[in-house]
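Mind having a look at this structure? Questions to follow.
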């Protein structure tokens, strides 16, 4: 090939490619796609979200919204990897445990002004308590779309067969305490089934034990996050209670045991109400109940898990993403979201609204578990740099999950290890 | 010796650009281009970038990327978790290499027989190699649970099995065994091929001399297959330092930090704790360890490998 032919070919190729390269983005500019990462792949959730997105697209021609379902187990890792790779989504669901990292990082766009300026938004209807975790210096950085209380599902069939009183009977008698609850679990465990399962704890996700230790008024660290309180008397008492339930009475299945409440193998499980959808039907169905967490030595309490939605401040469509978030969380769409995710809006916190969308639960259950839980609940523990704290505490607590563990010594070593990190 | 230039016209003096030599070179470069482009994009550039990242504090969420010189390397020296991690990595690698190579050699010797259906056995032992690693590990995870299949089997013969993945020692043993059973077939096939390449007459001569079987193995078989032993040992050691999925699925580095090996630790630092700069520093450490071990093994070949004499 001579140099001349080569030059000719190159010119011809450039003539073909360059107009296309210029025209391509022009075509693309007419369409804007917002991408939101979520950890649910549930078809009903996606159908509802897509319906809301269609409504937004109808108001904003040329805009589409896609929902990117990531696996829950590696959700935050995948999300941060996408951000590191320069492929951040426009919006994302955020877990309560990593709220502090996201809110304080400056990665999220501020929302207060945009929400207040949206007609009919009624920002004051969103409870102050529910948004506490998602604010920094008074500014709102994410909308808490799901505020889900922890409660106890009970398999009344197993409890009755074992000859124990049901939680409902104990509540009726005003004796629904942790001592009595763990007795029921131990009795059922003695009968050959399993007692109480703290769902998703699995001797790894220790923060879920907050659903028990809050009954003792225990916390992993002080409210300002600066002081470790793992070794305080309340936590030592609560953890001793849990340790004894695992290794002495067998009320809680031990480490390395794979037991599921929803297959009918255990008396009780602590989990969030959204898990009601896992209750078996047909031949596998059992008589179940949903009751609030028992009272502990520190009295009555409730614990909630939260999830927020934030809009990333580094993309090209920040304003549009914030606008979509305002649309997604307006009163009308919040009511739709409330079908699956307990709402943070005061106006939706009533048995009528919740009952219409949670047919499995009775008005009493909604009142005592959901509404009381959301109104009075303390959110699961979180902290800046939580992922690392979680792993370090998990590694230290492994020593606690042995029959001969010295609870006080292990908890003291947890504090020794994490104090420099707080 | 000088040769006078032949008298020539201007046109004749100008050599064509595409001489035979240049054409040959171009063809050669084009042949290696796909490989070189791949290595450059996927190995050399990332390697340089990892070193560059290790000199920075990179917070993904806050979108900060700040040069801080050797600060990450200083952190490395004062990291309270690192000694445990290096200890776990060493135990894992030594355990894995010894168990994997001895089992592979034993299986190869046993399967190097002319028996009916021997191919079936060879296929059977090799089959885990082609099974998906994560699927393999998840199934083992179920078997190793306290109320899992292995303890049920032990209980049926009256033995109370340990809680395999919840005690530091048994967790490490479990992870090693699961990894060895997965990959032993590969080394076994390599050993088998090497064994079949050993000339039979050497054994005949040894038998005539009355050499016992074990002595035949140590004096004939091992020296003759020593190049394969070197190759498999390098592959196995390098592979053992890169173990990740088994740890992530079976133990997540626990109990405590007893099975947190270097690759898992750097994954945690970079992808879970968002410390990409420090994660990059740890991967430089891993790179150096692998490079040094491979170099040392390669240097030892003259001593250990029969054919290198």
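Inside the range B:61-171, counting only helices (runs of 4 or more DSSP H) that do not spill past its ends, which hold 2 or more residues that are out of contact with any strand residue (DSSP E or B) (no Cβ under 6 Å at 6 or more places or on another chain) and within 24 Å of residue A:204 (Cβ to Cβ)?
Fully inside the range B:61-171 and qualifying: B:82-111, B:133-143, B:149-156.
Conditions: (1) over 20 Å from the mean Cα position of the chain (by Cα); (2) within 13 Å of chain A (Cβ to nearest Cβ). Residue B:154 meets all but one. Number of the miss?
(2)
So how many residues does the range A:298-317 have that are outside any strand (DSSP E or B), over 16 Å from the mean Cα position of the chain (by Cα) and surrounded by 15 or more Cβ atoms within 10 Å (Cβ to Cβ)?
Residues flagged as outside any strand (DSSP E or B), over 16 Å from the mean Cα position of the chain (by Cα) and surrounded by 15 or more Cβ atoms within 10 Å (Cβ to Cβ) within the range A:298-317 amount to 5.
Could you name every one of the helices (runs of 4 or more DSSP H) located completely within the range A:326-422 that has at least 1 residues being at negative phi and touching a strand residue (DSSP E or B) at 6+ places or on another chain (Cβ under 7 Å)?
A:331-337, A:372-376, A:407-418
Would you check if residue A:92 is in contact (Cβ under 8 Å) with a residue 24 or more places away in the chain, part of a helix (DSSP H, G or I), within 14 Å of another protein chain (Cβ to nearest Cβ) and buried (at least 16 other Cβ atoms within 10 Å of the Cβ)?
no
Going by the conditions given, is residue B:88 crowded, with 16+ Cβ neighbours inside 10 Å, touching a residue at least 12 places away in the same chain (Cβ under 8 Å), within 14 Å of another protein chain (Cβ to nearest Cβ) and closer than 30 Å to residue B:233 by Cα?
yes
Output yes when any residue across the range B:38-47 is in contact with a strand residue (DSSP E or B) (Cβ under 7 Å, 6 or more places away or on another chain) and either in contact (Cβ under 8 Å) with a residue 40 or more places away in the chain or assigned to a helix (DSSP H, G or I) (or both), and no when none is.
no
Any chance you could count how many residues in the range A:54-89 are in contact (Cβ under 8 Å) with a residue 40 or more places away in the chain, buried (at least 18 other Cβ atoms within 10 Å of the Cβ) and away from chain B (no Cβ under 14 Å)?
3
Of the conditions (1) closer than 26 Å to residue B:62 by Cβ; (2) in contact with a strand residue (DSSP E or B) (Cβ under 8 Å, 6 or more places away or on another chain); (3) modelled with pLDDT under 90, residue A:89 fails just one. Which one is it?
Residue A:89 satisfies every listed condition except (3).
Tell me, which residue of the range A:364-386 that is buried (at least 19 other Cβ atoms within 10 Å of the Cβ) and within 14 Å of another protein chain (Cβ to nearest Cβ) is nearest to residue A:77 (Cα to Cα)?
Ranking the candidates gives A:386 first.
May I pose another question? May I ask you to list the residues in the range A:58-78 that are closer than 23 Å to residue B:273 by Cα, part of a loop (DSSP other than H, G, I, E, B) and at pLDDT 90 or above?
The answer is A:70, A:71.
Would it be correct to say that residue B:195 is in contact with a helix residue (DSSP H, G or I) (Cβ under 7 Å, 6 or more places away or on another chain), away from chain A (no Cβ under 14 Å) and in a helix (DSSP H, G or I)?
yes
In this structure, is residue A:349 under 28 Å from residue A:290 (Cα atoms) and more than 14 Å from chain B (Cβ to nearest Cβ)?
yes
OK, next. Considering each residue of the range B:267-305, count those that are over 21 Å from residue B:236 (Cβ atoms) and either assigned to a helix (DSSP H, G or I) or modelled with pLDDT of 90 or more (or both), and give that number.
Result for the range B:267-305: 14.
Could you check how many residues of the range B:238-258 are more than 11 Å from every other protein chain (Cβ to nearest Cβ), part of a loop (DSSP other than H, G, I, E, B) and touching a residue at least 60 places away in the same chain (Cβ under 8 Å)?
Total meeting the criteria: 1.
The values are calculated or read from the model by the stated rules, or taken from the named source; none is laboratory data. Computed from a predicted structure; not experimentally measured. Cβ atoms come from the backbone with ideal geometry, glycine included; neighbour counts cover every protein chain shown.
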